[in-house]
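Worksheet: one structure, shown below.
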Amino acid sequence: MIKRIFLTLIVIFFFPFSFYFYFQDQLYTSFVEQEKTIYFTSGTKTLEILSTLENEKMIPSKWPIILDFILNPKHLSLKHGEYRFEKGMSPFHVMEKIYKGDVVTYKLTIPEGLTSFEIVERLKKIEELEGTLARIPLEGALFPSTYEYKRGQTRGFLLDRMEKEMERVLSELSKDYPSSNIAEIVIMASLIEKETFLDHERPRVASVFYNRLSKNMKLQCDPTVIYAVTQGKETLSRPLSKTDLKIESPFNTYRVYGLPPTPICNFGRGSLMAAFNPLKTGDLYFVAKEGREHEFSESLENHNIAVQKLRKRERNQSK
């Protein structure tokens, strides 16, 4: 009788410990055989997540996980999203990703100089994003940069981030370089952005435009004519023609005086800083020279010489 009681007590105490250590072993032993990405949409229930993981062979069974939930109730807070599970992960580490919301992140780089239409078109092509875009933001309202996003976020959310980042950068620079007319500053920044790719040239290009404005000279900025032709919706794949230069448009700075009515693209910090703080020069002209740089001139005579050099190079290259 005593022996039977002793054996019963051993079973009562030993079995739970054996059960516990068995499931602990299942939780922490390497299990995932190959890398796999799984997306749990918003509203997916906990048991649905566990069933999916079991079917996809990310965990051997849902029961060790349920036991873990009982022992660690905070682990019940599973977060939806897209997860990438690496080969060799244990069920515990699979679930840890989902507890922490360690979802896959993507990066989108918006280069400087794109129009708002072009940026919206890029967002429309990103398969991981959801939702439609009912509007195209004002030109110059979006800050070119690299943005992280997650599957399931909306295109509108990402567009809002670009707008807020532009507002932040503008506010920051406005404190460093007080200006009475931010609207003119952002238009000027867009012209600078389109005229040069080189950071060290931007303040000098700004100087030319400000100098011409102060002398009531037409800006004669080619990118404004391109914008007049394309409306910012495409790339002009040909040189500007004499007909283009005569187009009736408030953006055609070969015909109208002053700045165009709005920015012609979305600009970066370098162009914005140049618009706020241009170089002090007597330059009134610039033209492309070898490489991506420009030759700057204070007089029309020197500018014409620089233009002749450019035309000669172009003829030599066409031979």
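The values are calculated or read from the model by the stated rules, or taken from the named source; none is laboratory data. Bear in mind that the values here come from a model prediction, so they are computed numbers and not experimental data. Note that each Cβ is placed from the backbone with ideal geometry, even for glycine, and that neighbours are counted across all protein chains shown.
Could you list all residues from the stretch 171-186 that are crowded, with 17+ Cβ neighbours inside 10 Å and at pLDDT 95 or above?
If the condition is that a residue be crowded, with 17+ Cβ neighbours inside 10 Å and at pLDDT 95 or above, then Ile185, Val186 are the ones that fit.
Quick one: how many residues across the stretch 57-79 are over 33 Å from the mean Cα position of the chain (by Cα) and either in the same structural domain as Glu130 (by TED's automatic domain parsing) or not in a helix (DSSP H, G or I) (or both)?
Adding up the residues that qualify gives 6.
Each row is one residue, and each column tells you yes or no for (1) touching a Leu at 6+ places or on another chain (Cβ under 7 Å); (2) more than 30 Å from Leu76 (Cα to Cα); (3) at pLDDT 95 or above; (4) of a type outside the set (Ser, Thr, Tyr).
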{"residue": "Met95", "(1), (2), (3), (4)": "no, no, no, yes"}
{"residue": "Leu138", "(1), (2), (3), (4)": "no, yes, yes, yes"}
{"residue": "Arg151", "(1), (2), (3), (4)": "no, no, yes, yes"}
{"residue": "Thr154", "(1), (2), (3), (4)": "yes, no, yes, no"}
{"residue": "Met162", "(1), (2), (3), (4)": "yes, yes, yes, yes"}
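Identify the residue in the stretch 55-77 that is buried (at least 19 other Cβ atoms within 10 Å of the Cβ) and aliphatic (A, V, I, L, M) and, among all such residues, is farthest from Ser30 (Cα to Cα).
Per the criteria, the residue is Ile65.
With the structure loaded, tell me whether Ser237 is within 15 Å of Ile187 (Cα to Cα) and either of a type in the set (Ser, Thr, Tyr) or modelled with pLDDT under 95 (or both) or whether it fails that test.
No, not satisfied.
Starting from the stretch 253-269, take each residue that is part of a loop (DSSP other than H, G, I, E, B) and list its partners that are modelled with pLDDT under 95 and of a type in the set (Asp, Glu), counting only C-beta distances under 8 angstrom and pairs at least six apart or across chains.
Close Cβ pairs (under 8 Å, with a partner that is modelled with pLDDT under 95 and of a type in the set (Asp, Glu)) do not exist here.
Looking only at the stretch 227-246, which residues are more than 26 Å from the chain's Cα centre (by Cα), hydrophobic (A, V, I, L, M, F, W, C) and assigned to a loop (DSSP other than H, G, I, E, B)?
Result: Leu240, single match.
So which strands (runs of 3 or more DSSP E) are wholly in the stretch 80-157 and hold at least 1 residues that are touching a helix residue (DSSP H, G or I) at 6+ places or on another chain (Cβ under 9 Å) and on the phi > 0 side of the Ramachandran plot?
81-85
Can you work out which of the residues in the stretch 283-308 that are in a helix (DSSP H, G or I) and not hydrophobic (A, V, I, L, M, F, W, C) is surrounded by the fewest Cβ atoms within 10 Å (Cβ to Cβ)?
Glu301
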